[in-house]
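S.K.: Take this structure first; my questions come after.
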Amino acid sequence: MAWVAIFVAVVIVGVAAVLTYLGKIDGSHPRPDYCYGYRPHEILEKNAALRDVLDFIASGAIAGGDSNLFRPLLDRLLYEDPFLVLADYQAYADCQEQVSCLVA
């Protein structure tokens, strides 16, 4: 199960990096109406696995020990999350688990 969390962490970082590169999370795009009232911290409080993934990213373990490298990304996810990445985390993890069971 730990490798699933690591895989999802890498996917989250990768997706956010691509979106940043493309300029899609620079605040220039208005949030859709369904995003208002969305509080990423509430998702995090309810999902221990997601907390573990974000703590893993924050630890610097995938950044050569640099715990500040992904700080802007984590802050963006925790305080804004314009693409509802945290809201979708459990669906990502569940899907990866199903795929893992099929492959095994």
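S.K.: Quick one: how many residues across segment 42-53 are under 16 Å from Y79 (Cα atoms) and touching a residue at least 40 places away in the same chain (Cβ under 8 Å)?
M.R.: Residues that pass the stated criteria total 3.
S.K.: Which ones in segment 54-104 are among the aliphatic types (A, V, I, L, M), touching a residue at least 12 places away in the same chain (Cβ under 8 Å) and either closer than 20 Å to Y38 by Cα or in contact with a Ser or Thr (Cβ under 8 Å, 6 or more places away or on another chain) (or both)?
M.R.: Passing the criteria: L54, A58, L73, L74, L77, L78, L84, V85, L86, A87.
S.K.: Can you pull out every residue in segment 77-89 that is in a helix (DSSP H, G or I) and more than 10 Å from the chain's Cα centre (by Cα)?
M.R.: Y79 - this is the single residue of segment 77-89 that is in a helix (DSSP H, G or I) and more than 10 Å from the chain's Cα centre (by Cα).
Every residue, every condition in (1) at pLDDT 85 or above; (2) outside any loop (DSSP other than H, G, I, E, B), yes or no:
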residue	(1), (2)
V4	no, yes
V11	no, yes
L19	no, yes
G27	no, no
R31	no, no
A49	yes, yes
G65	yes, no
D75	yes, yes
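S.K.: How many residues does segment 56-82 contain that are surrounded by 13 or more Cβ atoms within 10 Å (Cβ to Cβ) and among the acidic types (D, E)?
M.R.: The number of residues fulfilling the criteria is 2.
The values are calculated or read from the model by the stated rules, or taken from the named source; none is laboratory data. Being a predicted model, the structure only gives us computed values, none of them experimental. Note: ideal-geometry Cβ built from the backbone for every residue, glycine included; neighbour counts use all protein chains shown.
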